[in-house]
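Structure, as C-alpha cells:
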C-alpha cells in the first residue's frame, strides 16, 4: 500500500493478500481467484493492478488480457516512482537505464513466438529479422547512448569529489530505509530546504551541504536515496553510482524510523544493502533512532536509556529537534581523530597503495629511491587501519 501511495494522482480502491500454495506458470493465480478478481475489477472500474512481487512477462501479458487492465509488478512500480522523483540529469539517466534493462528482460521472455517477423532479402541469414530482435537491438542501442551520457556525468561528479578532497572536509552520509526521515534530519542539521515529505522516495538524487559543527569543525553532509526491501537488481546496479558518496564517507548515520512497526526488518534491509555496496567495515556508523516524537512517553524514555548506554545509538526527533545537539557532539567526537605523521617505505610493486594515499590527499612529502618510494603521510588512526587492509 505504501508503495502504491507513493505514486501521485493514484486512487487506491483496495488491497488484498492472496495466498498461493503454488504460483501458476501462465496466470500466477488459480482460475477461481482470477474470475473473482475480474468481476471485482469490472465492478469498481479498476484500470491499474499492482502486484507486490515478481510477475513474469507471460503472466503479466495473460493477466492484462484476462482482466482488461494495466498490471505492474513490484519492480515496475518502483521504476515508475523513481521516474516521477528524478530531478537531476544523472537521476533521470539512471532511471532510464534501469527501465530499459527491465524492458529488455520483459521483451526476451514474453515474445517466444516467431510469427512477428519483418521481411528480409532472403540471401542474408534466413527469412529476415524478427521483430523481437529488432526491438532488442533498439533497446541495446539506447542503453549504449545513455551509458555514454552517464559516463560524462560521472566524470564531472568525480572532478567535484576530487576538488572536495583537496579541501579535506569529512563526509557524513545519511542512509536509511525510505521515509525514515533522512531529508528532515538533513534540513534540521543544515538549515537547507530539501524536499522532505511523508512519502516513499521523496529524495532520489543525492544532496550535499556544508555544515559547521558546534566545535567549529566543518563537514559535508550527504542525503541519499532511501533503501527498500527486495530492491530490483536493475536498480541496485543503476543507482550504485548515486550511492558512491556513501562509499567515501568518513561517518555513516543510519537513520531509522523507530516508530515504524517493522523498524527492525527495515534496519536489516539497510545493513544488507550497505554490505552489498562494499562499505568499509572500518567506517564508523551511528544508528539515529528518528521520530521519537511519535512514541508514547514510556517507550520514548526507554529508548533514551538505551541511547545513554550505547554511544553508537542516538534517539532524536528531526521534527522537534530533540536529541540533535547530543548527536552533533557525537559526530564531532567521531571525526576529531588526532592526525599523526608517519613515514612509509612502499615498494614499486605497491603502486595501488601509493595511489590510495594520493587520492585522499594524505601525502605530505615523497621521494623515489632505487626500489621503493619513501612517503611521508599525515593521517588518522582510522585512515591508517583502512590503509593496512589494502592489498598491493
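Some observations on this one:
- Total residues in segment 1-36, condition at pLDDT 85 or above and touching a strand residue (DSSP E or B) at 6+ places or on another chain (Cβ under 8 Å): 2
- Test: residue 253 is buried (at least 20 other Cβ atoms within 10 Å of the Cβ), at pLDDT 80 or above and within 29 Å of residue 336 (Cα to Cα): yes
- Looking only at segment 185-205, residues that are modelled with pLDDT of 85 or more and buried (at least 22 other Cβ atoms within 10 Å of the Cβ) come to 3 in all.
- Selection within segment 344-379 - touching a residue at least 24 places away in the same chain (Cβ under 8 Å), over 36 Å from the mean Cα position of the chain (by Cα) and under 30 Å from residue 216 (Cα atoms): 376
- Segment 35-57: number of residues that are surrounded by fewer than 18 Cβ atoms within 10 Å (Cβ to Cβ) and under 20 Å from residue 99 (Cβ atoms): 7
- Candidate set from segment 380-392 (those that are surrounded by 11 or more Cβ atoms within 10 Å (Cβ to Cβ) and touching a residue at least 60 places away in the same chain (Cβ under 8 Å)); member that is farthest from residue 252 (Cα to Cα): 385
- All of (1) assigned to a helix (DSSP H, G or I); (2) in contact with a strand residue (DSSP E or B) (Cβ under 7 Å, 6 or more places away or on another chain); (3) not assigned by TED's automatic domain parsing to the domain that holds residue 259 hold for residue 364 with one exception: (1).
- Residues being more than 20 Å from residue 335 (Cβ to Cβ) and surrounded by fewer than 15 Cβ atoms within 10 Å (Cβ to Cβ) - total across segment 346-375: 15
- Yes/no for residue 275 being assigned by TED's automatic domain parsing to the domain that holds residue 226, without any contact (Cβ under 8 Å) to a residue 60 or more places away in the chain, more than 30 Å from residue 93 (Cβ to Cβ) and surrounded by fewer than 19 Cβ atoms within 10 Å (Cβ to Cβ): no
- Within segment 303-328, considering residues that are modelled with pLDDT of 90 or more and assigned to a helix (DSSP H, G or I), the one nearest to residue 185 (Cα to Cα): 324
- Just so you know, in segment 70-109 the residues that are surrounded by 18 or more Cβ atoms within 10 Å (Cβ to Cβ) and not in a helix (DSSP H, G or I) include one that is modelled with the highest pLDDT, and it is 71.
- Scanning segment 285-300 for residues that are in a loop (DSSP other than H, G, I, E, B) and surrounded by fewer than 17 Cβ atoms within 10 Å (Cβ to Cβ) gives a single hit, 296.
- Residues in segment 20-34 that are surrounded by 14 or more Cβ atoms within 10 Å (Cβ to Cβ) and within 33 Å of the chain's Cα centre (by Cα): 5 in all.
The values are calculated or read from the model by the stated rules, or taken from the named source; none is laboratory data. Being a predicted model, the structure only gives us computed values, none of them experimental. In this analysis, Cβ positions are derived from the backbone assuming ideal geometry, glycine residues included, and neighbour counts consider all displayed protein chains.
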